[in-house]
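The values are calculated or read from the model by the stated rules, or taken from the named source; none is laboratory data. From a predicted model like this one, the values you see are computed outputs, not experimental measurements. Neighbour counts are summed over all protein chains in view; Cβ atoms, including those assigned to glycine, are modelled from backbone coordinates with ideal geometry.
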Amino acid sequence: MKHVLESQQFDSKTIQKIFAIANALGRDRSLPFKGKIMATLFYEPSTRTRFSFESAMIKLGGNVISTENAGAFSSAAKGETLEDTIRVVSQYADVIVLRHYEKGVSERAAAVSSVPIINAGDGTGQHPTQALLDLYTIKKELGKTEGIRIAFVGDLKNGRTARSLAYLLGKYKHSQMFFISPAQLRIGEDIKAYLDHHAILYQELRSWDSVLGSIDVLYQTRIQKERFKTMREYNKYEGRYVIGLQEAKAMKKNAIIMHPLPRIDEISPEVDALPQAVYFKQAKYGLLVRMALLKFLLS
Ligand code: CP
């Protein structure tokens, strides 16, 4: 594997290897990437993905060069094409972590890069490393990856994390998925076609009432404000699905509530103290999984 572009490129054996590396990291004090450089090129804002990738590289002994607002602070501002930027940066770095507002940009970058490209989120496309850390969270918290009943909730049209996790879980036996969203923000046809192809059961719903008490995972997402043309349009959906204490109590005791974060108001803060709330742990697992992924890709 050279590039990380979409979550369906990972087979279960590769995922097992990456998770085994992540599990062993606590005992592993080696610095295999001394002298190696990671470039983080971010054209869209980020807290978790950029900091966890940078932290991962530094913990493994490597260095980081970074632009957190590449649209303004790289030569993109002068009109340089993404392809030319990648051609140049790939001569300075051993791996490029790329976040962009446009779907499909990672493939364009990979086509001209001499070093691995990691898709750190491409518009409404995918966020494959988030899917890996989400699956790792499920494995750690529920002890399994097969037979998971999961409800994806929120803006499933624009939310790339739900899309990538659905693709990844679609590879696991007996997964069952519920896509809960307003009609206008439904999950894409590409995901449904993929799940049909893999004989994975799924259902599209407008409300979580019928499934809240039987799911293993509630994967909550925010309404993606930045993808709407007007605030008026965004306001139609904002606040539609909010998990409060009442909703959390309706869930099974051993079910988990996940969220890729950032959270706006779709999970009430009082839920944070419940054992089912694993979203901050999920962000922490992100560091381990990204360290493991770098080791897998670059070692
Ligand atoms: N989950 C996630 O991608 O968060 P950031 O946008 O903060 O990187």
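Taking the stated definitions as given, is LEU287 in contact with a Pro (Cβ under 8 Å, 6 or more places away or on another chain), closer than 26 Å to VAL97 by Cα, at pLDDT 95 or above and not in a loop (DSSP other than H, G, I, E, B)? Criteria not met by LEU287.
Filtering the stretch 55-75 down to residues that are more than 19 Å from ASP122 (Cβ to Cβ) and in contact with a Ser or Thr (Cβ under 7 Å, 6 or more places away or on another chain), which residue is surrounded by the most Cβ atoms within 10 Å (Cβ to Cβ)? Among those that are more than 19 Å from ASP122 (Cβ to Cβ) and in contact with a Ser or Thr (Cβ under 7 Å, 6 or more places away or on another chain), it is VAL64.
The one condition from (1) within 16 Å of the ligand (Cβ to nearest atom); (2) in contact with a Leu (Cβ under 9 Å, 6 or more places away or on another chain) that LYS284 does not meet is (2). Contact annotation: residue pairs with Cβ atoms under 6 Å, 6 or more positions apart or on different chains, pairing a residue in the stretch 261-276 that is in a helix (DSSP H, G or I) with a partner that is among the small types (Gly, Ala, Ser), are VAL271/ALA248; VAL271/ALA277.
Testing ALA120 on (1) within 16 Å of the ligand (Cβ to nearest atom); (2) more than 11 Å from the chain's Cα centre (by Cα), one condition comes back false. Which one is that? Status for ALA120: all satisfied but (2).
Of the residues that make up the stretch 68-84, is at least one assigned by TED's automatic domain parsing to the domain that holds ALA292, touching a His at 6+ places or on another chain (Cβ under 9 Å) and β-branched (Val, Ile, Thr)? No, the stretch 68-84 has no match at all. Taken as a whole, the structure leaves VAL112 outside the set of residues that are buried (at least 22 other Cβ atoms within 10 Å of the Cβ) and farther than 29 Å from HIS198 by Cα. Against the condition hydroxyl-bearing (Ser, Thr, Tyr) and more than 16 Å from the ligand (Cβ to nearest atom), how does SER30 come out, does it pass? Considered against the rule, which asks whether it is hydroxyl-bearing (Ser, Thr, Tyr) and more than 16 Å from the ligand (Cβ to nearest atom), SER30 comes out as yes.
When LYS295, LYS252, LYS281 are checked against the criterion of being modelled with pLDDT of 95 or more, basic (Lys, Arg) and within 21 Å of PHE179 (Cα to Cα), a single residue qualifies: LYS252.
The numbered conditions (1) of a type outside the set (Asp, Glu); (2) loosely packed, with under 12 Cβ neighbours inside 10 Å; (3) in contact with a Lys or Arg (Cβ under 8 Å, 6 or more places away or on another chain) are all true for ASN254 except (3).
Residues of the stretch 113-154 that are over 20 Å from THR221 (Cα atoms) and in the same structural domain as ALA70 (by TED's automatic domain parsing): SER113, SER114, VAL115, PRO116, ILE117, ILE118.
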